[in-house]
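Here's the structure, in structure tokens; my notes come after.
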Amino acid sequence: MTSSSNSSSAVRSSAKHAAERIQQHLPPSNPASLSSSSLNLPSKTSIAASINHSPRPKERPSSTASSVSAASPSTRRSGTPVHRSQSKDFDEDNDPGRVRVSVRVRPRNGEELKSDADFADLVELQPEIKRLKLRKNNWNSESYRFDEVFTDTASQKRVYEGVAKPVVEGVLSGYNGTIMAYGQTGTGKTYTVGKIGKDDAAERGIMVRALEDLLASASSASSVSVEISYLQLYMETIQDLLAPEKSNISINEDGKTGEVSVPGATVVNIQDLDHFFQVLQVGETNRHAANTKMNTESSRSHAILTVYVRRAMNEKAETGTKSPKPESLGDKGIPRVRKSKLLIVDLAGSERINKSGTDGHLIEEAKFINLSLTSLGKCINALAEGSSHIPTRDSKLTRLLRDSFGGSARTSLIITIGPSARYHAETTSTIMFGQRAMKIVNMVKLKEEFDYESLCRKLETQVDHLTAEVERQTKLRNSEKQELEKRLRECENTFAEAEKNAARGESELQFLEKENARLELRMKELLKDLEMQKDQCDLMRDKATQLEMNLKNTKQQQLESSAYKEKLADASKVYEKKIADLVQRVEDEQARSTNAEHQLNEMKNILSNQQKSIHDQEMGNYQYQRELAEATYTYESKIAELQKKLEDEHARSNSAEEQLRQMKSIISDRQVLSQENEETNELKKKLEELSQMYESTVDELQTVKLDYDDLLHQKEKLGEEVRDMKERLLLEEKQRKQMESELSKLKKNLRESETVVEDKRVKEDLPKGPSESGALPGSQRSHGLKKSLSGQRATMARLCEEGMILSLGVQKILHLIKSEDLEVQIQAVKVVANLAAEESNQVKIVEEGGVEALLTLVQSSQNSTILRVASGAIANLAMNEKSQDLIMNKGGAQLLAKMVTKTDDPQTLRMVAGALANLCGNEKFLKLLKEEEGIKGLLTMAQSGNIDIIAQVARGMANFAKCETREIMQGRRKGRSLLLEEGALEWLTSNSHIESASTQRHIELALCHLAQNEANAIDFKRTGSVTEIVRISVESSRDDIRSLAKKILRSNPQFSS
């Protein structure tokens, strides 16, 4: 046991020296961060491989320049980060560190379909060029660009692949990542991010799909582990959704690295997807939610799912070479591990109390939600503007997301908006938040550490294995030693017995001397027996010589076996067989020795029987006694030689066993070589797979080239459209400059007219003669008219210079519309049109008589600008039901229908068509619109071929057909549709294949509503419109329109036949 402990201590000492050599080969730049463990191994050192992807590295902080940094004990992180990100143009899509922002529009809900069906969507999506248009009014809109634009029909899988999958792949590679959803309450954030979809895989949100990919990677590689924690920020307190008893959890920040952590959170190791479903279900059950007017399950807290991914780096798998031996371990000999973190954030939606209808405790919740979102918006603004102070400590939400915006994580933000125009302000705020976030560029870092824990465990396992092997060898040696001692004792006992026999022989010889006389008669017989014994000894000597020859042959065979190493397996069997033969021969030799001893005993017995005769012949046979003593000595020497040969044979057997062990070790080395050949074959197979992948990649590349050519063609078309748009803008800019020059001339004339009026006023104050009294009334009227014009011009000048439109009052602006000065009229109408674009001003304009004034102006004026602007103002006012009554009562429909003959300006006709389309959405005016030729006017305007005019006409037809169908289904109307009498069905059928998606949708909707009236079936058959209904039921882009068309075909027997 003492030798075993010494061997174990020797092994541990060698392991200790190996660990010291590892410490000597560590990078010399970070000695301060290393500490010794029980085996004197260096502690776990973080290697933050800072990968700077920014194209402007000179503006980066100097602290991030090196890939391995040593944290000094005196270094402390400032509370306010300085220049943590770079604000840059978000058109640079090649920067992987920039925050990626996507936008998703949810479908209209039932309430919006019911109340906003007559109006166009607030936003217009252009996913093919990744742009979104936000409508300000009927003729103005703003365009914004995003990284991805998803329509209301986009699937959950497509949203995940466009928004989250690149971030998840980066997390698997060792980078931190953040996926966050931001938007107004009720726009689908929780559906996009946190939808579980356990029964329907297509409905799964980003959380489930991200964990599904991470777990798939963990199952394919045993070195990957996935752990999660699930928190909620409720009223500025952090709560654990997996352990509800943990509330008001604190946030810790590392003073050296600035890393934010929540040590009190529950961390769960995820085994598979079903396990994650159970954990996520527990968290969703504990999350705060409430019912509001805008959302039946409105989230009242910010939910943060943190996923910790740990991946051990396999040096052999990465480099394709064998790892170095422990005696020469350096940096590459130490196993490495990559640790990354993924944050999936489902923010609570911002809301306005007057729209959400919250009260009581819900108001307090809404205050905290809005405060935390405001703090987040301040941080985004500061980062986007490159501010030196980032207010991350204003809220716990901004502290938790410190690494996501301006930090080292890859961040992907998806903003969700609604299509309704009622939430114009909220939608605009959400879009601007996303635009500012796109200007933020993070410094992406790869976090890779030495896995000293794994190395220590591996070395301890090796030490234990070597200790056990030493103990086993020690026990084996002790057992062999005991066996040899046992054999030695047996040999000693055998020699002792031989000595006793020799002593007994001496006594017997003495007795034989006395009996020598008696043996003389039988001397000849004894001599013959001695000769026979001599022959037997010669035979034994020959056998011993033959045994020596066999041993020499064995040595020669051993030398020959060293020359034939390729046949080691067969040679080992031969050696084992020969060793068995040698053992058998040794046993045979032992048996012969025993036989010889037995013969000696028999001879001694014969001598004892003849003692009396020998005693009688003692004196005469002295010579015979001497020869007998020599024979005894000869036998004893032969026995000693046989014992020595036996020991030599035992030594040879031990050497043969040692050679057998060496051959077994050589066989094991050959097995290792065979394993390396198997690995080579596996590498060849992998190379073949890579070649196949290369061929498939070449095919995909050709496909991408074809797509690229198509995109170039589309780009050329878009370029032509942009050039046309630039020409239009230049023309409008030229017109605006002309108007500004005219306005400056008008101001100059106004000032001159004021000077003339003042001079005339001075003259009037002078005394007048009798001759001038008769002309006084006429001069007073002329003076009053000039004074009125100058006052109106002065008023408009102040409006233009000081922007006092709202402070002046609607009534006074409407009074200026009746001015005789054309420029004053134009400016006043523009002011009224801008006011009418806001819903809050429409009621006031109607009450002050704005509708009558605008209709009068349209009827009397011949100026194209006044007609265009006034028509736009009437179109905006036609959205209000009270304004619609006034317009129809004043004959506005007939007046607008006659505008076709009055002007051919496309913009004016588009405004007129929009006004008539809005009037078509009121059930009370259907018959009156028909009588006043409003439908006929719409169809006439459609003949212009302008796309915008056709879009308004299609919307008016859809509104008219929907209202008419509603009356028929409610039993208030019967008979053929009024639209068919004006030939609208033929126009709808011929334009049903128009390129514009929104226009095509309105035409399809109008055809479906007309087909619901059975009285229109004959006209549908006559014009061939039934075929269009069949096409709509199959090819329409809208699910509700397809379902309506299928329902019509099933319910109407005339269509089915």
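The values are calculated or read from the model by the stated rules, or taken from the named source; none is laboratory data. Being a predicted model, the structure only gives us computed values, none of them experimental. Cβ coordinates were reconstructed from backbone atoms using ideal geometry, including for glycine residues, and neighbour counts include every protein chain displayed. Note: areas computed on protein heavy atoms with side chains; ligands, DNA, RNA excluded. Shrake-Rupley method; radii C 1.70, N 1.55, O 1.52, S 1.80 Å.
Lysine pair count for segment 906-1056 with Cα-Cα distance under 26 Å and sequence separation of 8 or more or different chains is 22. Solvent-accessible area per residue in segment 906-1056 equals 43 Å², computed with a 1.4 angstrom probe and all protein chains kept.
Model label points for Ser990 and Arg457, set 7 angstrom from Cα along the Cα-to-Cβ axis, are 8.0 nm apart. Mind giving me the FRET efficiency for Ile947 and Asn834? R0 is 30 Å, r the Cβ-Cβ distance, nearest 0.05 is fine. The formula returns an efficiency of 0.75 here.
Heavy-atom accessible area for Tyr175, with the other protein chains in place and a 1.4 Å probe, reaches approximately 30 Å².
Subtracting the Cα-Cα distance of Ser637 and Asp538 from 0.36 nm times their residue separation leaves 34.3 nm of extension gain.
Counting other C-beta atoms within 10 Å, and keeping those with at most 12, which DSSP coil GluC sites (Glu not before Pro) do you find in segment 985-1057? Sparse-neighbourhood loop GluC sites (Glu not before Pro): Glu995. Within segment 935-1006, the trypsin sites (Lys or Arg not before Pro) that combine a DSSP coil assignment with at most 10 other C-beta atoms in a 10 angstrom radius are Arg972, Lys974.
Hand me the GluC sites (Glu not before Pro) from segment 127-159 located in a DSSP loop with no more than 12 other Cβ atoms within 10 Å, in residue order please. Don't skip to the answer; put the middle values down first.
Working: sites: Glu128, Glu142, Glu148; in loops: Glu128.
Answer in residue order: Glu128.
Accessible surface comparison of Ile179, Ile363, probe 1.4 Å, protein chains only, largest first: the order is Ile363, Ile179. At a probe radius of 1.4 angstrom, the accessible area of segment 430-536 per residue rounds to 65 square angstrom.
If I ignore ligands, DNA and RNA and count only protein heavy atoms, how much of Glu124 is accessible to a 1.4 Å probe, in Å² to the nearest 10? Rounded to the nearest 10, that gives 70 Å². In segment 906-1056, Cα pairs under 8 Å separated by at least six residues give a relative contact order of 20 percent.
Sorted largest first, the spans of the alpha carbon positions of segment 911-1057 along the three principal axes are 40, 36, 26 Å. Other residues within the sphere of radius under 14 Å centred on the Cβ of Glu1014, judged by their own Cβ, net out at +4 (K and R +1, D and E -1). Seen from every direction in turn and averaged, the convex hull around the alpha carbons of segment 818-890 projects onto 4.3 nm². Here Asp588 and Ile666 are evaluated by their C-beta separation; at R0 = 41 Å the FRET efficiency comes out at 0.80. Taking all Cα pairs closer than 8 Å and separated by 6 or more residues, the relative contact order of segment 818-890 comes to 36 percent.
Measure off, as a whole percent, the carbon and sulfur share of the 1.4 Å-probe accessible area of segment 906-1056, all protein chains present.
Numbers: 3220 of 6530 Å².
Within segment 906-1056, the accessible surface is 49 percent carbon and sulfur.
Seen from Lys734, the other residues with C-beta closer than 14 Å to its C-beta sum to a net charge of -1, counting Lys and Arg as +1 and Asp and Glu as -1. Heavy-atom accessible area, probed at 1.4 angstrom with all protein chains present, ranks Asp199, Asp904 as Asp199, Asp904, highest first. Heavy-atom accessible area for Thr494, with the other protein chains in place and a 1.4 Å probe, reaches approximately 70 Å². Reducing segment 900-946 and segment 961-1012 to their Cα centroids gives an inter-centroid distance of 16 Å. For the set Met438, Met532, the ranking by accessible area, highest first and with no ligand, DNA or RNA atoms included, is Met532, Met438 under a 1.4 Å probe. With each label modelled as a point 7 angstrom along the Cα→C-beta vector, the Lys882-Tyr694 pair spans 7.8 nm.
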